[in-house]
Each structure stands twice: as structure tokens, then as C-alpha cells.
1. How much mean residue ellipticity at 222 nm does the chain get from its helices, if each DSSP H run of length 4 or more adds -39500 (n - 2.57) and you divide by all residues, to the nearest 500 deg cm²/dmol?
2. At a Förster distance of 35 Å, what's the computed FRET efficiency of I158 paired with E121, Cβ-Cβ distance as r, to 0.05?
3. As I understand it, the dipole of the chain uses +1 on the Cβ of Lys and Arg and -1 on the Cβ of Asp and Glu, about the Cα centre. Which of L174, P83, Q228 lies farthest toward its positive end?
4. How compact is region 44-160 by the rule of thumb for globular proteins, expressed as Cα Rg over 2.2 N^0.38 Å?
5. Provide the gained length on full extension for the span E85 to D268, in nm with one decimal, where the gain is 0.36 nm per separating residue minus the Cα-Cα distance.
6. Between V252 and S173, what is the label-point separation in nm under the 7 Å Cα-to-beta-carbon projection?
7. What number, in percent, do you get for the relative contact order of region 77-120 if the mean sequence gap of Cα pairs under 8 Å and at least 6 apart is divided by its residue count?
8. Let me check I've understood the local charge: for G159, count other residues with C-beta under 15 angstrom from its C-beta, Lys and Arg +1, Asp and Glu -1. What total comes out?
Amino acid sequence: MQRAMTHARMTRGGAPRRSLRVLVTGGAGFVGSHLCDRLIERGAHVVCLDNLSTGRRQNIEHLIGNPRFSLLLHDVVEPIPVPLEVDEIYNLACPASPPAYSAAPIHTTMTSVLGARNLLELATEQNAKILQASTSEIYGDPEVSPQPETYWGHVDPIGPRACYDEGKRCAESLFFDHARILGTRIKIARIFNTYGPRMSTDDGRVTSNLIVQALSGTDMTVYGDGSQTRSFCYVDETVEALIRLMATPDAVAGPVNIGNPDERTINDFAAIVRRMTGSRSQIIYRPLPVDDPRRRCPDIGQAVRLLDWLPNVGLEEGLARTIAYFRDELVRLPMAREAVA
Ligand code: NAD
Ligand code: UDP
């Protein structure tokens, strides 16, 4: 890793204008890899830092060799191993799928807490802006719906989801303390369920499970009675909102909800996937995981006002693109069919 990302480009008047130097942690993951793409397209130099635990080289393969992209294999739990000069940091490093984070709960908490601390130190030292990919899980199993940013949440602090929920809550707290005490330039995005191409076939979240099952003709698993709700946002729209939040003035720290308020029951979602894939799979019911939130729907008033952002990719349009991606994945990886059967 070279010390400085100092590549310059010329402005129209001939004076050199330095490209934005951006660190994306978790950049080989589902959302992070789309973010790397958009930032590169907009002229930035991007360092993608990832330990490839739930992310995949495949997601960023097309960027390898691009002179404005580099990959740093590293775990954010450990201090950043090389000197980096950065203008902006997007901190996305953290497993996001319930089966993935509950498989390694202690490391998940450490990833959120120590990862935030290590990256906040880098941001503070460099006077860089830093954006935390926080989550709707901050609200736990909410007693109000839709959830505004002012809602403090209803989180089980000792249950199997706590490693993720409380880790992310502590990270938000660390971010705000760094801003208050050290003047760190922070942004907090509370992301709601995001879906789209580049999710792994074995990711374990509802979108990938149901689509892979439907395309493979195996039983489609709905947990609980399927009356719980989620609000699904297409990945390109989530990424656009993150970039817009990063571009806001320093006074805007958030938290800002980012999600599509089109709330659906999981039963409806499964039925749409089944219809759109033309599948003859049966929908079967499995026990609801402990602490699975009953409702989730973002109040996005802040995002609309502060970011001039409103998601407009409808669920069926986004699912059509996502189903097409998974069809290709299943041709590429025939074994994936068995993984979620
Ligand atoms: P993902 O699992 O595909 O991506 C996470 C990435 O972080 C992976 O590339 C993984 O290898 C990397 N990573 C995990 N632990 C790490 C560590 N200790 N050090 C370095 N890298 C590490 O998940 P995603 O859906 O792309 O989520 C990205 C971020 O957005 C996460 O922080 C997640 O909490 C947040 N988020 C996502 C959603 C969503 O619906 N996708 C919703 C809310 C919040
Ligand atoms: N779910 C389901 N079938 C699956 C996977 C998940 O019914 O194969 C449910 C899960 O219990 C939850 C919702 O779908 O109510 C969304 O789950 P996901 O793991 O995608 O994300 P969460 O919002 O719970 O973090």
C-alpha cells in the first residue's frame, strides 16, 4: 500500500486538483462494492479495506487493476496497519446477515466497537469526514412505526441479536463522543433492509434465501407466521443516499434513516418472489428467530429534507434485477442451490 493517494488531475484553469481519497471498509461486501463502483465512477481514489469474511473478491474483481482502486486485506478490529491519507471514510465493515453475525457474535461486537474506534482515530488525525453504516436494528423490535430517528429503540441487550444491535448502538455513541470531544466530522446513516445484485447466494437474509429457493424449486422458508414486516430498498438507492449524506455540510451529523418506506409482510414478499420467478416451490413455515423484529418501516422525512433523496425503484423492478442476478449466480455456482435448501 503506498503511503499517499496523491494522484492529481487538472482543473479547466490548469491548476492541479487532487482527487478525493476515500477509504471504504467492508468494500468487498454487498453494499460496499456498489459504493466503491459509484465512487470510482465519480473520480475518487478508493481504498477498499476488507477481511473478506462475508464479502467476496468477486464483488470487486472488475476494479482490480484500476489505478484509482486498491484492496487492503485487514480486519478493522486491529489498528489500521499502514499510514493512509484520506479525505473520507465510509465504515461498512461488519457482517449484516443475522446468521453471519450470530455465528461469530463476539467478533461482531468487536468489529463494530473497535472498528469504529480505529477508524475514528484515523478520521480525527486526518480531519477526514467519516460515515458510519448504522442500521435500523438500532430500533430493535420497535414500539412505534414508522421509526423516526428520534425513537430510542427497544433492543434486547443480551439476546442473540445483541452483538449486532448493541455493537452498532455503541458505535453511534463513539461517533458522537468523538464529534463532541475531538471535533471529528461524523455522519451516521441508519440503513434499512437493502437488497440487490451481489448478495451471496448463502448470505442467509430473506431476499437471497427466498430467491435462490424459488429458482432452485426447493421449499421457500418463511420464518414465524410471515406477518412480520420489512421495508426493502434497492441497493443503488441506498448507495446514492450514503454519498449524498457524506456530501452534506459538517453540521449534518445525523443520524439519518435510509430506506424505502414501502412496508411489506414477509408473506407478501415471499408470494411476490414466487410469482416473479415462476416457481412451483412450496412456501413452508419455520420457527421465528429469537428477537426477530415484528415491524420495520423507516420515517425518511430527514433524508428527503437533508439529502433531497427519495427512493423510486419499486419492489418489483428491484426484484426483477435481483432475480436476474441470482439466475446467473446459480448457473455459475450450481452447488449454491443446495446451500439454502
Ligand atoms: P456484507 O456482509 O455483504 O458486507 C460487509 C463487509 O464487511 C464484507 O465485505 C465483510 O467481509 C466485511 N467485514 C466484516 N467484518 C469485518 C472486519 N472485522 N474487518 C474488515 N472487514 C470486515 O453486508 P452488507 O449488507 O453489504 O452491509 C454493509 C454494511 O451496511 C454493514 O455495516 C451493515 O451493518 C450495514 N447495513 C446493511 C444493511 C442491509 O440491508 N444490507 C442494513 C443496515 C445496515
Ligand atoms: N426470514 C424468513 N425466511 C428466511 C430468512 C429470513 O422468513 O429464509 C425473515 C426473518 O425472520 C425476518 C425477515 O425475513 O423476519 C428479514 O430477515 P433478514 O434476515 O433478511 O433481515 P433482518 O431484517 O431480520 O435483519
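No value in this document is a laboratory result; all are computed from the given coordinates. All figures in this text were calculated on a predicted structure; none of them were measured in a lab. All Cβ positions, even for glycine, are placed from backbone atoms using ideal geometry, and neighbour counts span all protein chains on display.
1. Working: 10 runs with 125 residues, N = 341.
Counting only the DSSP helices, I get -11500 deg cm²/dmol.
2. Details: r = 29 Å, r/R0 = 0.83.
Taking R0 as 35 Å, the efficiency between I158 and E121 is 0.75.
3. Among L174, P83, Q228, the one farthest towards the positive end of the dipole of the chain is P83.
4. 1.20
5. On the way: separation 183, 0.36 × 183 = 65.88 nm, distance 4.71 nm.
So the extension gain works out to 61.2 nm.
6. 2.8 nm
7. Working: 24 pairs, mean separation 26.5, N = 44.
In percent, rounded to a whole number, it is 60.
8. Working: positive: R161, K168, R169, R294; negative: E137, D141, D156, D165, E166, D291, D292.
Net charge around G159: -3.
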